[in-house]
Amino acid sequence: MEGVSPHIIPRHIAIIMDGNGRWAASRGLPRVAGHREGAKAVRRAIQGAIDHGVRWLTLFAFSSENWQRPESEIADLTGLLKHYLRYELGELHENGVRLRVIGERSRFGAAIADELAAAEARTAENDRLNLVIALSYGGRADIVAAARRALADGIAPEALTEEAFAGRLATAGIPDPDLLIRTSGEERISNFLLWQVAYAELFFTDVLWPDFDGIHFTRAVQEFATRERRFGARPG
């Protein structure tokens, strides 16, 4: 990427894709139109990650709180997920993208859960980009589930290290995000990867997700390159 050393490209970028509904409302369109345009922005983000050498990209596609939305909107989102799995997966596979899913996939029903598992298996050997999709995911629930796994494994309190705990999160084996992007002007984490973003750089933009493109992706990466990451340490 022009003007940015490859040594300071974030290894892992996570994105809270916010603003689909507002994008549609501002144009007098139904919310599903915003979600459909948002799906196009997903493609652009994936391409941006590939172009800039990002190794991991995690997208907050559906939160555990999203189940409280109207049934019609949930049906629209589920339909888009089915479409993505059936018609977009081939291109991801050809581009060397490995797909992983975190969250309560079973809540989408057995058929979709099986399709997600099949998509993960089909792309398992790809290594150009690791694409993690968070579906029916919540950060607090992830932490509680990890604690329960530690208890079930019989780990003594004094033996439970941060590393052992992280290995029981939904993201076990995935490096923590270096950069968290949120679109639409909101400046909240919204229960996303609460443990994992402890030292991530945060980048907030007013751009609504359907309008987020390669230029905006590049700006976020360039901003990351200007940050001094201290991980809690004081400057020397």
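For Ile174, Ile215, Ile181, Ile8, which order do you get if you count the other beta carbons within 10 Å of each Cβ and list the fewest first?
Ile215, Ile8, Ile174, Ile181
Please state the charge dipole magnitude for the chain, taken about the Cα centre, from unit charges on C-beta atoms (+1 on K and R, -1 on D and E), reported in debye and rounded to the nearest 20.
So the magnitude is around 160 debye.
Can you work out the FRET efficiency for the pair Ala117 and Leu194, with r the C-beta to C-beta distance and R0 = 22 Å, to the nearest 0.05?
E(calc), rounded to 0.05, equals 0.25.
Place a point 7 Å from Cα of Ala172 in the direction of its Cβ. Which residues in region 80-118 have their backbone N less than 20 Å from it?
The answer is 99-107, 117-118.
Taking the number of other C-beta atoms within 10 Å as the exposure measure, put Asp114, Asp176 in order starting with the fewest.
Asp114, Asp176
If you rank Tyr87, Tyr199, Tyr137 by fewest surrounding Cβ atoms within 10 Å, what's the result?
Ranking Tyr87, Tyr199, Tyr137 by Cβ neighbours within 10 Å, fewest first, gives Tyr87, Tyr199, Tyr137.
Can you tell me the FRET efficiency between Arg22 and Glu163 if r is taken as the Cβ-Cβ distance and R0 is 41 Å, rounded to the nearest 0.05?
0.55
With the crude spin-label approximation of a point 7 Å out along Cα→Cβ, what separation in nm comes out for His83 versus Arg69?
1.4
For Lys40 and Glu187, calculate 0.36 nm times their separation in residues minus their Cα-Cα distance, and state this gained length in nm to one decimal.
50.6 nm
Which one of Ala119, Ala75, Thr58 is farthest out on the positive end of the charge dipole of region 12-225, using unit charges on Cβ (Lys, Arg +1; Asp, Glu -1) and the Cα centre as origin?
Most positive-ward Cα: Ala75.
Counting Lys and Arg as +1 and Asp and Glu as -1, what is the net charge of the other residues whose Cβ lies under 11 Å from the Cβ of Arg11?
With Lys, Arg at +1 and Asp, Glu at -1, the neighbours total -1.
When you have a sec, figure out the Kirkwood radius of the chain from all distinct Cα pair distances and drop it here in Å to one decimal?
By the Kirkwood definition, the hydrodynamic radius is 18.7 Å.
Using a Gaussian network model of the chain with C-alpha springs under 10 Å, which one of Arg168, Arg69, Arg107 is most mobile by mean-square fluctuation?
Evaluated over the chain, the most mobile residue of the options is Arg69.
Calculate, in nm to one decimal, what Ile8 and Ala152 gain on full extension: separation in residues at 0.36 nm each, minus their alpha carbon distance.
47.9 nm
Any read-out appearing in this document is the output of simple, stated calculations on the displayed coordinates, not a laboratory observation. Since we're looking at a predicted model, the values are computed, not measured. Positions of Cβ are generated from backbone atoms using ideal geometry, with glycine treated the same way; all protein chains shown enter the neighbour counts.
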